[in-house]
1. So which pairs qualify, if the first residue must be in the range 266-278 and at negative phi and at pLDDT 90 or above, the second must be loosely packed, with under 13 Cβ neighbours inside 10 Å and assigned to a strand (DSSP E or B), the Cβ gap must be under 9 Å, and the two must be at least 6 apart or on different chains?
2. Tell me, please, whether a residue that is crowded, with 20+ Cβ neighbours inside 10 Å, in a helix (DSSP H, G or I), out of contact with any Cys (no Cβ under 6 Å at 6 or more places or on another chain) and assigned by TED's automatic domain parsing to the domain that holds VAL341 can be found in the range 246-255.
3. For the range 111-125, what are the residues that are closer than 23 Å to SER74 by Cβ and either out of contact with any helix residue (DSSP H, G or I) (no Cβ under 7 Å at 6 or more places or on another chain) or of a type in the set (D, E, K, R) (or both)?
4. Residue check: is ILE232 in contact with an Asp or Glu (Cβ under 7 Å, 6 or more places away or on another chain) and over 23 Å from ASP312 (Cα atoms)?
5. Restricting attention to the range 223-230, does a residue exist that is within 20 Å of the chain's Cα centre (by Cα) and either assigned by TED's automatic domain parsing to the domain that holds GLY273 or among the acidic types (Asp, Glu) (or both)?
6. Test of understanding: among ALA354, ALA374, which residue is crowded, with 17+ Cβ neighbours inside 10 Å, at negative phi and either under 24 Å from the mean Cα position of the chain (by Cα) or not assigned by TED's automatic domain parsing to the domain that holds ASP263 (or both)?
7. Take the range 243-263 and flag every residue that is more than 15 Å from the chain's Cα centre (by Cα) and among the hydrophobic types (A, V, I, L, M, F, W, C).
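The values are calculated or read from the model by the stated rules, or taken from the named source; none is laboratory data. Quick caveat: nothing in here was measured; it's all calculated off a predicted structure. No Cβ is skipped: glycine too gets one built from the backbone with ideal geometry, and neighbour counts run over all protein chains shown.
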Amino acid sequence: MAEAADFQGTSPSPARRWLRRTGALLAGVPLLAGLCQLPAAAPAEAADTSGSVSVAIDTLSPSAPTDGDTLTVSGTVTNNGKQAVTAAHVGLQVGPELNTRSSIDTVSDGKDSLQGATGSEVDGKYEAKFAKLTPGVAEPFSLSVPVDELDLGDAGVYQLAVSLSGRTAAQSWDQQLGIQRTFLPWQSDEADTKTKTTFLWPLISSVHMTAETGSNAQQTPVFLDDDLAKEISAGGRLDQMLSLGENLDVTWVIDPDLLASVDAMTHSYRIQGEGDTTTPGTHQALAKQWLARLQKAVEDKEVVALPFADPDLASLAHNGTSVTGSLSHLDEATDVAATTVRTVLHVTPSTDFAWPVNGAVDRSIVKVATSAGADKVIARSDSLQETAGLSYTPSAARPIGGGTTAVVADARLSTAFQGDLTKASSATLAVQRFLAQSLALDLQTHKQRSIVVAP
């Protein structure tokens, strides 16, 4: 599978530059082997114990510092209480070192809780002071600290917290009123063994074309709506996926139905209206441009073609196998997938992968997936777990019997960038969490491993 990123060699793209600083990780390779079984429950949510002042970390640079760097943290503090806060200051707290991936999860769950260990505050000369914080007003801060002043020890992930302390009229003594926790990956020397990581990059959409065609000799295709044009337009979801993916070393995972639909848009097509009416489609140039960019992006890259229209394998496995011909149609969907990708993108895809929704699998889903010719099933580690009681995260590829391999994506890394990341603070915390989990994974063992990230 394609290399996702590499901290050595050529200059990284801006989208990868923050990853490079860990020195821990990432370069894709053929996947290796292990053992597995099925799943565990999610942890309960922590109670809300946040303070009256919210602390937002908008930037943290460098994301993974090395010797000689100066760490700069900036953001805002907002007084959410009803009383003014006086004699306030924002300071940095470092420590303790987090030795396990689960301890990183715990900090993430309680990132703005006043409870829990935070470590000692860095020397007071590295703080921002506020004479008064008015209720409802966001005040900016910026702190710069030489990394040498942080007293970091061995390579590892350290908890980093930005806290706000001050006084109120009701409580006229210094107290911590708000905090935001994040992570500081630290590795002063290059890692002896680097975990190799493959990123799967999905280009998938819902079905847009109908089974109807025009009555003319060209059998003009008819679309349900014009939503696909919005997705491939500048700023649309599929445009953003392509814009990001074309600058990264990823394995493209594509629904051939999407390719066929955009390809149909490059010619004459119509949009379904009310009743039996249709209107002409007008986005031929947009479709041609998007496809041309995708063709260039996948050159010399690995491309995985899902069965045509990306059928829901779980629904089929649990409710559809009794329907006559359902599995044979799945087989046909796999056969036409390869032809579609070759015709539209001019590359030969792999068609031996199946990807159930969110990588959730059980025996019946695997059985249906393999009935259509797949011998590799993309699962996720919160669904398919190793049975040997390993103290470290094993390589992604694990045999599950019958000649089938489960390619188990790491759940923590795969979900690190979920949710609304339009706020700078949310994006910064997500980046630090991803880097922390990556470094913690790498430091678990000196064994060479291959990890898959499947957003």
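1. Pairs that qualify, where the first residue is at negative phi and at pLDDT 90 or above and the partner is loosely packed, with under 13 Cβ neighbours inside 10 Å and assigned to a strand (DSSP E or B), are SER268/PRO280; TYR269/PRO280; ARG270/THR279; ARG270/PRO280; ILE271/THR279; ILE271/PRO280; GLN272/THR279.
2. No: the range 246-255 contains no residue that is crowded, with 20+ Cβ neighbours inside 10 Å, in a helix (DSSP H, G or I), out of contact with any Cys (no Cβ under 6 Å at 6 or more places or on another chain) and assigned by TED's automatic domain parsing to the domain that holds VAL341.
3. Hits for the range 111-125 are LYS111, ASP112, SER113, LEU114, THR118, GLY119, SER120, GLU121, ASP123, GLY124, LYS125.
4. Yes; evaluated as a whole, the condition is true for this residue.
5. no
6. On the way: ALA374 fails: either under 24 Å from the mean Cα position of the chain (by Cα) or not assigned by TED's automatic domain parsing to the domain that holds ASP263 (or both).
Exactly one residue qualifies, and that residue is ALA354.
7. ILE254, LEU258, LEU259, ALA260, VAL262, listed by residue number.
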